[in-house]
Each structure stands twice: as structure tokens, then as C-alpha cells.
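> I am attaching a structure below and will ask some questions about it afterwards.
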Amino acid sequence: MIVTVNGEDRTLADGATVRVLVTELDLPDEGVAVAVDGVVVPSSGWDQAALGAGAEVDVLTAVQGG
């Protein structure tokens, strides 16, 4: 299936979860925020949050600095 991640199309296996996406993007479990179709998914729910074809996913990572 195809989902849009930060404005770019990405192919994932059918039934992929937010956890699968975060892993494929090689991101850490901490310091990352994910929203699916405009709704923030807490990291505690990444394993259960299935992505659907055409989902709009925004992934943000925290950066240090000031």
C-alpha cells in the first residue's frame, strides 16, 4: 500500500503499523512524534495503530539546540 510520509509517497506492506514505519525510517523510539491523518498517535499506541492505504503521516523529530 502507499502512504504519504512528510509529503512523499512511501510503499509499506498491507497492515503496517506506525511502529513498522518508524522502524523502516530508522528512527528512535524517543524524541519522535507521529500524526496519522492529523491525529497524534502516542508512542504507546504505535504497535496497534494500523496505517491504511492513502494515509497522510507526519513524522517529527526533536532536535537539540537553542
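The values are calculated or read from the model by the stated rules, or taken from the named source; none is laboratory data. Owing to the predicted nature of the structure, the values given are computational and were not obtained by experimental measurement. Reconstructed Cβ throughout: ideal geometry from the backbone, glycine too, with neighbour counts over all protein chains shown. Surface areas here come from the heavy atoms of the whole protein model, side chains and all, with no ligands, DNA or RNA. Shrake-Rupley method; radii C 1.70, N 1.55, O 1.52, S 1.80 Å.
> How much mean residue ellipticity at 222 nm does the chain get from its helices, if each DSSP H run of length 4 or more adds -39500 (n - 2.57) and you divide by all residues, to the nearest 500 deg cm²/dmol? Working shown, then result.
Values: 1 runs with 7 residues, N = 66.
Taken over the chain, the calculation gives -2500 deg cm²/dmol.
> If the only charges are +1 at each Lys and Arg Cβ and -1 at each Asp and Glu Cβ, what is the size of the charge dipole of the stretch 1-59 around the Cα centre, to the nearest 20 debye?
Working: 2 positive and 11 negative charges, 21 e Å.
Taking the Cα centre of the stretch 1-59 as origin, the dipole is about 100 debye.
> What number, in percent, do you get for the relative contact order of the stretch 1-62 if the mean sequence gap of Cα pairs under 8 Å and at least 6 apart is divided by its residue count?
On the way: 103 pairs, mean separation 28.6, N = 62.
Averaging sequence separation for qualifying contacts and normalising by length gives 46 percent for the stretch 1-62.
> Kirkwood-based Rg over Rh for the stretch 1-44 (C-alpha set), two decimals? It would help to have the intermediate numbers written out before the result.
Numbers: Rg = 10.3 Å, Rh = 11.1 Å.
Checking Rg against Rh, the ratio lands at 0.92.
> Sticking with this one: Just the number, please: carbon plus sulfur as a percent of the accessible area of the chain, 1.4 Å probe, no ligands or DNA/RNA counted. Don't skip to the answer; put the middle values down first.
Values: 2140 of 4210 Å².
Answer for the chain is 51 percent, counting heavy atoms of protein chains only.
> At 7 Å along Cα-to-Cβ for each site, give me the label-to-label distance between GLN48 and ILE2 in nm.
Going by the 7 Å Cα→Cβ label model, 3.1 nm.
> Could I ask something else about it? For the chain, with every protein chain kept in place, what is the accessible area per residue (1.4 Å probe, Å²)?
Numbers: 4210 Å² over 66 residues.
Here the per-residue accessible area is 64 Å².
> Related question: Given points 7 Å out from each Cα along the Cα-Cβ axis, report the VAL59 to ALA13 separation in nanometres with one decimal.
1.7
> Where does the charge balance sit around VAL41 when Lys and Arg score +1, Asp and Glu -1, over other residues with C-beta under 11 Å from its C-beta?
Numbers: positive: ARG19; negative: ASP37, ASP47, ASP58.
Neighbourhood net charge equals -2.
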